[in-house]
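I have placed the structure first, in the form of C-alpha cells, so that the comments after it can refer back to it.
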Amino acid sequence: MKKLPVISFETFLKCVRKTEYGILYVILTSIIGTTCAVLIGVPIGVLTAVFIAEVAPKKVAAIVKPAVELLAGIPSVIYGLLGIMILNPLMYKVEMAIFKNSDTHQFTGGSNLISAIIVLAIMILPTVINISESAIRAVPRELRSASLALGASKIQTIFKVVLPVAKSGIVSAIVLGVGRAIGEAMAITLVSGSSVNIPLPFNSVRFLTTAIVAEMGYAADQHREVLFTIGLILFAFIMLVNTTFARVLNSKEKE
C-alpha cells in the first residue's frame, strides 16, 4: 500500500507562494468605461458649448456658463455621493426589472458599470464645455459674416464653418476630458461596486485607478509591486490616448 504524502507547513507555504495576478478585467473595464463616458459626454459637451457661444440669448448664457463652471469646482467625492444617493437606487430598480426572473444574476444594488459610466460622463462635461466654448468664441466674426452673406443658414455656418475652424481647441478639450475620465478614482470607487468582474453593464466592476485606491493601504511586497505596475499601465494608457489624438489632429491639419 502506498503511503499518503505528508502535508506539512512547508508544503502549505509553497502553495501560498505560487501567487498569480491578473488585471485583464480591470484593464478592459477602464477601456470600456472611459470610451463609453467619452462617447456620451463629448457630444453633449460640444453641443452645449455651441449653444452657449452661438445660440443662447445673453441672459440665458449668463446663467448657464456660471453653472457649468460651478460643476468644474465640485469635488469628485461629491459626485460619488450624489451617485450613491440618486443614481444607484434608480439603476437598482432597472436591474430588478430586467433580472427579476434570473437565478444566476448577482445583484449589485445599482453599483455597476452603467452607474460609473454616467458619473464619468457628467464629470468630464465642465472640461469639454469650457474649453470648447473658448475655442468657438475665438473664431473670427468675419468668417461667420461671410458664410451668412453667401446664403448659409446659422446652423450651417456653425457646423460647416465655426466648428471646423475651432477643431484644434475642441480636440484639446476632448483630450483633457479623456484624461479626467481615465484618472478619476474616488467617485468611481463609490458608484462602481469596486469588484473585479467582466465589464458587463450590470456587473460591479473595478477600474485601474480604483484598484490602486482600494488596495494600496494594505498591500505589501509583490502585491504592492503589482499596484505600481497598474500605475505604469495607466500612465501608458494616457500617453497612448494623447499621442493618438495629437497624430490625428496633425494629419488633418496637413490635409
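Per the Kirkwood formula on distinct C-alpha pairs, the Rh of region 73-202 is how many angstrom?
Kirkwood radius, region 73-202: 17.3 Å.
With viscosity set to 1.306 mPa s at 10 °C, what whole-number translational diffusion coefficient in µm²/s follows for region 52-127 from Stokes-Einstein and a Kirkwood radius over Cα pairs?
109 µm²/s
Over region 105-255, what relative contact order in percent results from Cα pairs under 8 Å that are six or more residues apart?
Computed over region 105-255, the figure is 29 percent.
Counting alpha carbon pairs within less than 8 Å and at least 6 residues apart, what relative contact order, in whole percent, applies to region 76-148?
About 32 percent, as a whole number.
Please identify, among A72, A62, A121, the residue showing maximal mean-square fluctuation in a Gaussian network model of the chain using a 10 angstrom Cα cutoff.
So, out of A72, A62, A121, the one fluctuating most is A62.
Between helix 24-50 and the chain, what is the angle of the helix's C-alpha long axis to the longest principal axis, kept within 0 to 90° and rounded to the nearest 10?
20 degrees
Using alpha carbons only, how many degrees (0 to 90, rounded to 10) separate the axis of helix 167-183 from the longest principal axis of the chain?
20 degrees
Report relative contact order for the chain in percent, whole number only (criteria: Cα-Cα under 8 Å, sequence separation at least 6).
Once divided by the residue count of the chain, the mean separation gives 26 percent.
Could you work out the equivalent-ellipsoid semi-axes for region 29-88, taking the square root of 5 times each eigenvalue of the Cα gyration tensor, largest first, in whole Å?
26, 17, 9
Write down the Å³ per residue value for the convex hull defined by the alpha carbon atoms of region 20-151.
185 Å³
Å³ per residue of the Cα convex hull, for the chain?
Each residue corresponds to 196 Å³ of Cα convex hull volume.
Using only the alpha-carbon atoms of region 187-250 as identical scatterers, what base-10 log of I(q)/I(0) does the Debye formula give at q = 0.16, 0.17, 0.26, 0.29 Å⁻¹?
Relative scattering, expressed as log10 I(q)/I(0), comes to -0.66, -0.72, -1.05, -1.13.
On alpha-carbon atoms, Rg over Rh for region 125-255 using Kirkwood Rh?
Rg/Rh for region 125-255 comes to 1.16.
What number, rounded to the nearest 500 deg cm²/dmol, is the helix-based mean residue ellipticity at 222 nm of the chain, given -39500 (n - 2.57) per DSSP H run of at least four residues and division by all its residues?
Theoretical 222 nm ellipticity from helices: -22000 deg cm²/dmol.
Readers should treat all values here as calculations from the given coordinates under stated rules, not as data from a laboratory. Just so we're clear, the structure is a prediction, and the values are computed from it rather than from any experiment.
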